[in-house]
Amino acid sequence: MSAVPKRKLTPSEYLEIERRAEFKSEFFRGEMFAMAGASPLTTA
């Protein structure tokens, strides 16, 4: 049994998803990664 290859996103697909997303993510080499949340203490 072999693993199914993961489909990579295009930059356009990522941007469309990101526009509608409630939480932001990063895009790297065709994959999306959730960004860590920020708090007032870490952004001051």
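The values are calculated or read from the model by the stated rules, or taken from the named source; none is laboratory data. None of the values given here were measured: they were computed from a predicted structure. Heads up, the Cβs are rebuilt from the backbone with ideal geometry, glycines too, and the neighbour counts pull from every protein chain shown.
General observations
- Any chance GLU16 is out of contact with any Ser or Thr (no Cβ under 9 Å at 6 or more places or on another chain) and modelled with pLDDT of 95 or more: yes
- The requirement of being surrounded by 10 or more Cβ atoms within 10 Å (Cβ to Cβ) and at pLDDT below 95 is not satisfied by MET1.
- Test result for GLU22, exposed (fewer than 12 other Cβ atoms within 10 Å of the Cβ) and at pLDDT below 95: yes
- In the stretch 1-16, the qualifying residues are those that are under 14 Å from ARG29 (Cβ atoms) and part of a helix (DSSP H, G or I), and the one that is nearest to the chain's Cα centre (by Cα) is TYR14.
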